Amino acid sequence: MQPSTRQTVRLNRLSLYPQLYYDTLSIPFDLSIVFNLKHSLIAAVFAFTLQSAAHADEIVVSAAASLTNAFKAIGDAYEKQHPGTKVLINFGASDVLMQQIVKGAPADVFASADQKAMDKAVDEKVIATDSRRDFAANSLVLIVPKDSTFAPASVKDLTAASVKRVAYGDPASVPVGRYTEGALKEAGVWDAVSAKGVLAANVRQSLDYVARGEVDAGFVFSTDAAVMPDRVKVALSVPTQTPITYPIAQVAQSKHAAEAQQFIAYVLSPDGQKTLAQFGFKPPVK
């Protein structure tokens, strides 16, 4: 993949780890290394990275990993409508992004893949609560490798002895993991399936595990499954205890509050919603 001319922290389609791109020069930043460090060190690294890249005419958007493709397109479209503004996007697990903001990493907008991560941001007083809006919805699916013969009738089939490894996001920090845990508990198979669990640092890593055939099955959002139709297939649509909705808000300490509000308005606009729909996202649940 050729680097975008727009500076962005994004998930590379091959490695699926966040990397920072500077115009034609790429500097890989493997987040898997950082997960073993304290949150303060994570924040310090990202603060340095983003502060080095961001300028007065740029806004920093911290967005859930599942928004990668859609928000890259939205960022490009927004820049065309606002020629004087550049959009720098930092993709990752929602809770990790929230902690980065809490620890001082620069950000103007926060877009989460669930309400819980945004609620934590509210509790930490790092977002402007009156700017919070729901902008998209999604669904949970169970995927298997494209050439897999495993055809479960329900999530209870994951308890079969033939199923050895199941990928899903870490419920402690990844929204898709929380939705997965809730769905499996509702079905009464959480203990059995979690014993086979391969925890992913974000939803795209869960997708990657399945695409490479490293696990028998994995839980992702439907929009993520659509990213690799030639390498994975949806085995089941999984009902969740709560609707999967995405909130967005301005970061309280943003130095570009007006621009942040304009970006949020664009995401909520007919043009922004059309782009999200193109990537499989549904309108927010009213």
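No value in this document is a laboratory result; all are computed from the given coordinates. A quick note: this is a predicted structure, and the numbers were derived from the prediction, not measured. Using ideal geometry, Cβ is built from the backbone for each residue, glycine included, and neighbour counts are taken over all protein chains shown.
The convex hull built on the alpha-carbon positions of the range 201-277 has an orientation-averaged projected area of 7.5 nm². The lysines within cross-link reach of Lys185, meaning a Cα-to-Cα straight distance under 21 Å and a gap of 8 or more places when in the same chain, are Lys116, Lys156, Lys164, Lys196. Length gained on full extension, Phe150 to Arg165: 4.1 nm, using 0.36 nm per residue less the C-alpha separation. Annotation for Ala172 and Lys125: the two label points, set 7 Å from Cα along the Cα-Cβ direction, are 2.7 nm apart. Farthest toward the positive end of the dipole of the range 88-227, out of Ser148, Leu88, Ala172, is the Cα of Ser148, where the dipole comes from beta carbon charges about the Cα centre. Dipole size of the range 140-238 about its Cα centre, with +1 on Lys/Arg Cβ and -1 on Asp/Glu Cβ: approximately 80 debye, rounded to the nearest 20. The fraction of all Cα pairs in the range 140-238 landing in successive 10 Å bins from 0 to the largest distance is 19, 59, 23, 0, given as whole percents. So in the range 140-238, what percent of DSSP beta bridges are antiparallel if you round to the nearest 5? Approximately 60 percent, going by the DSSP bridge assignments. Mean sequence separation of contacting Cα pairs (under 8 Å, at least six apart), scaled by the length of the range 140-238, corresponds to a relative contact order of 47 percent. Cross-link partners for Lys255 among the lysines, with Cα-Cα distance under 19 Å and sequence neighbours closer than 8 places in the same chain left out: Lys86, Lys103, Lys125.
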